[in-house]
Amino acid sequence: MWRWVRSAGALVGLLSLSWTAAAAEPLLAGFAEVDITPALKGKPVYIAGYGMNRKATGVHDPIMARTVVLSAGGERIALVSVDLIGLQYPAVKEIRSRLSDFRYVMVSSTHNHEGPDVIGIWGRGPFHRGVDEGYVDLVVEKIAAAVKQAASVLEPVSAAYGTAEDETLVHDSRLPIVKDGVLRVVRLNKAGAATPAMLLVQWNCHPEALGSRNRLLTADFPHATVAALQKRYGCDVLYLTGAVGGLLAPPRGGVVKDAAGNELKEGDYEYARVYGEQVAALATQAIDAAEPLALSPFTISARTIAVPVENPLYRLARAMGVVKRPATIWTGDFQQFGDPMTLETKSLPSAVESEVAYLRLGELHVACIPGEIYPELVYGKYQAPVDPAADYPDAPLEPSVAGLMPGKKWLLLGLANDEIGYIIPKRQWDKAAPYAYGRETSQYGEINSCGASVAPIVMTALKLRVEEAAPLK
Ligand SMILES: [Zn+2]
């Protein structure tokens, strides 16, 4: 059941990728989208997120994959967003193997909690894998085809970047209360056009407006956000999920209301629609504030990391074949991969392969983080003063995304190329008694993380990638 794929793709994954495309070439962009809604006939589709054994009974709106391909200086990169809970790194490598003439392909999941299981832990019971392998294979093929399609319709564009902020549009359920209420937009206009042809919208909220009882497949609120922006601007829209850890979710307390002023709540399609349109309205503010942006040349720094899997539930899920990912023996160094895990070595500390990347696209800085990063790590707003009851109160503070980005115009892509779970600041890791904030029990979070060492590893890896691409000032 432990399988290490020694394919060309795996070997490529061990290499560091870094280069800069030639400057002063015109920027080209193309968009494509493809419906990846699974068929509901014949076998059950287990909906990912919340509890197990939630079988889909119908489709409310399609599960989509969308991509923007950028081209400059003879180099092409693809940014892909999928309405899934978290496409796993092995599947992303499969997509890349079909797009070997692209310099870089980034596949980010929106973290949709109302789409099909692509990880495995939402099957009919704890020992049943909820993934339809044929579906994942189809998604791989469809995404690769969509990227090729986008690359076939490239047109000259000019770019602009803008932000707008509204913290009331996200709810944070874990102390300390730190949100990322900044919506970031890259607007692409065809040469000479006043209205956008494509929008890249990055927002920071769990797509879980429909809640745990919904049984219809849907892209959740991002469906409404994309639809509202498409309608307003007549353009294509790529919705990207940023920081959702900690746990950033749709708002409560009367923020989302119907036309009559009545509060709408989780689990209601009207709530998802109205909230999605509120996010679109915030995007409009960001678009209105956008300023010209140079998006080339491209400098890409991407490298695999070994992520130690300390979480006993994750280890069990892999051992039972519920989660299928190659694993290696943890070496103690995230930049070194050990031998493949075997039945004989199954009790040793293990690691899975993932990736952290930094893209410098002209003036735009893009952090690619393979999971659910806590907003504390985005802004360096850690619990202060540190609570001595936490498990590692003396752990060094990790560098922050905002602190590492060499400029002010940046995007944060969460669940980029992978979903390794929660990325929790080590000082706030709080699994063992006594508990921080004087609590009787642990806060919710650690159960969804590979372990306390993930945040130091991911943030150190991002620092190394930025340094490799462009020395920090
Ligand atoms: Zn989540």
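General remarks:
- Candidates GLY246, GLY276, GLY253, filtered to the one that is more than 22 Å from LEU364 (Cβ to Cβ), surrounded by 19 or more Cβ atoms within 10 Å (Cβ to Cβ) and modelled with pLDDT under 95: GLY246
- Note on segment 376-404: among residues that are out of contact with any Leu (no Cβ under 7 Å at 6 or more places or on another chain) and surrounded by 22 or more Cβ atoms within 10 Å (Cβ to Cβ), the one that is nearest to LYS431 (Cα to Cα) is ALA390.
- Checking TYR50 against (1) open to solvent by less than 70 Å² (accessible area, probe 1.4 Å); (2) modelled with pLDDT of 50 or more, the condition it does not meet: (1)
- Of residues in segment 237-251 being in contact with a Lys or Arg (Cβ under 9 Å, 6 or more places away or on another chain) and under 14 Å from GLU208 (Cα atoms), the one farthest from the ligand (Cβ to nearest atom): LEU248
- Residues in segment 369-376 include none that are over 19 Å from the mean Cα position of the chain (by Cα), within 15 Å of the ligand (Cβ to nearest atom) and modelled with pLDDT of 95 or more.
- Of all residues in segment 134-178, those satisfying the criterion of being open to solvent by 60 Å² or more (accessible area, probe 1.4 Å), within 21 Å of the chain's Cα centre (by Cα) and over 26 Å from TYR374 (Cβ atoms) are ASP137, LEU138, GLU141, LYS142.
- Subset of segment 48-72 that is outside any loop (DSSP other than H, G, I, E, B) and in contact with a Pro (Cβ under 7 Å, 6 or more places away or on another chain) - its residue that is nearest to the ligand (Cβ to nearest atom): LYS55
- Exactly one residue among GLY267, GLY254, GLY261, GLY211 is more than 30 Å from GLY30 (Cβ to Cβ), within 16 Å of the ligand (Cβ to nearest atom), assigned to a loop (DSSP other than H, G, I, E, B) and of a type outside the set (Asp, Glu), and that residue is GLY211.
- Among the residues of segment 259-273, those that are in contact (Cβ under 8 Å) with a residue 12 or more places away in the chain and open to solvent by less than 50 Å² (accessible area, probe 1.4 Å) comprise GLY267, TYR271, ALA272.
- Residues in segment 455-473 that are open to solvent by less than 30 Å² (accessible area, probe 1.4 Å), among the β-branched types (Val, Ile, Thr) and either away from the ligand (no atom under 16 Å from the Cβ) or in contact with a Phe, Trp or Tyr (Cβ under 8 Å, 6 or more places away or on another chain) (or both): ILE457, VAL466.
- Of the residues making up segment 197-213, one or more are surrounded by fewer than 24 Cβ atoms within 10 Å (Cβ to Cβ), among the basic types (Lys, Arg) and in contact with a Gly (Cβ under 7 Å, 6 or more places away or on another chain).
- Matching residues in segment 32-47 - criterion: being among the β-branched types (Val, Ile, Thr), away from the ligand (no atom under 16 Å from the Cβ) and not in a loop (DSSP other than H, G, I, E, B): VAL34
Results for (1) farther than 26 Å from ALA302 by Cα; (2) within 16 Å of the ligand (Cβ to nearest atom); (3) among the small types (Gly, Ala, Ser), shown as yes or no for each residue.
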position: PRO385; (1), (2), (3): yes, no, no
position: ALA390; (1), (2), (3): yes, no, yes
position: ALA395; (1), (2), (3): yes, no, yes
position: GLU398; (1), (2), (3): no, no, no
position: LYS408; (1), (2), (3): no, no, no
position: LEU415; (1), (2), (3): no, yes, no
position: ILE420; (1), (2), (3): no, yes, no
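- Those residues of segment 73-105 which are crowded, with 24+ Cβ neighbours inside 10 Å, part of a loop (DSSP other than H, G, I, E, B) and more than 16 Å from the ligand (Cβ to nearest atom), in sequence order: none
- Test for ALA227: is it at pLDDT below 95 and open to solvent by 10 Å² or more (accessible area, probe 1.4 Å): no
- Within segment 110-125, restricting attention to residues that are more than 15 Å from the ligand (Cβ to nearest atom) and in contact with a Phe, Trp or Tyr (Cβ under 8 Å, 6 or more places away or on another chain), the residue that is farthest from GLY321 (Cα to Cα) is PRO116.
- When segment 324-336 is filtered for residues that are buried (at least 17 other Cβ atoms within 10 Å of the Cβ) and within 24 Å of the chain's Cα centre (by Cα), the ones remaining, listed by number, are LYS324, ARG325, PRO326, ALA327, THR328, PHE334.
- Among (1) more than 23 Å from ASP35 (Cβ to Cβ); (2) in a strand (DSSP E or B); (3) among the β-branched types (Val, Ile, Thr), the one test that VAL237 misses: (1)
The values are calculated or read from the model by the stated rules, or taken from the named source; none is laboratory data. Note that the coordinates shown come from a computational prediction; the quantities given were computed from them, not determined experimentally. Please note: Cβ atoms are built from the backbone with ideal geometry, for glycine as well, and neighbour counts cover all protein chains shown. Ligands, DNA and RNA are excluded from the accessible area calculation, which covers all protein heavy atoms including side chains. Shrake-Rupley method; radii C 1.70, N 1.55, O 1.52, S 1.80 Å.
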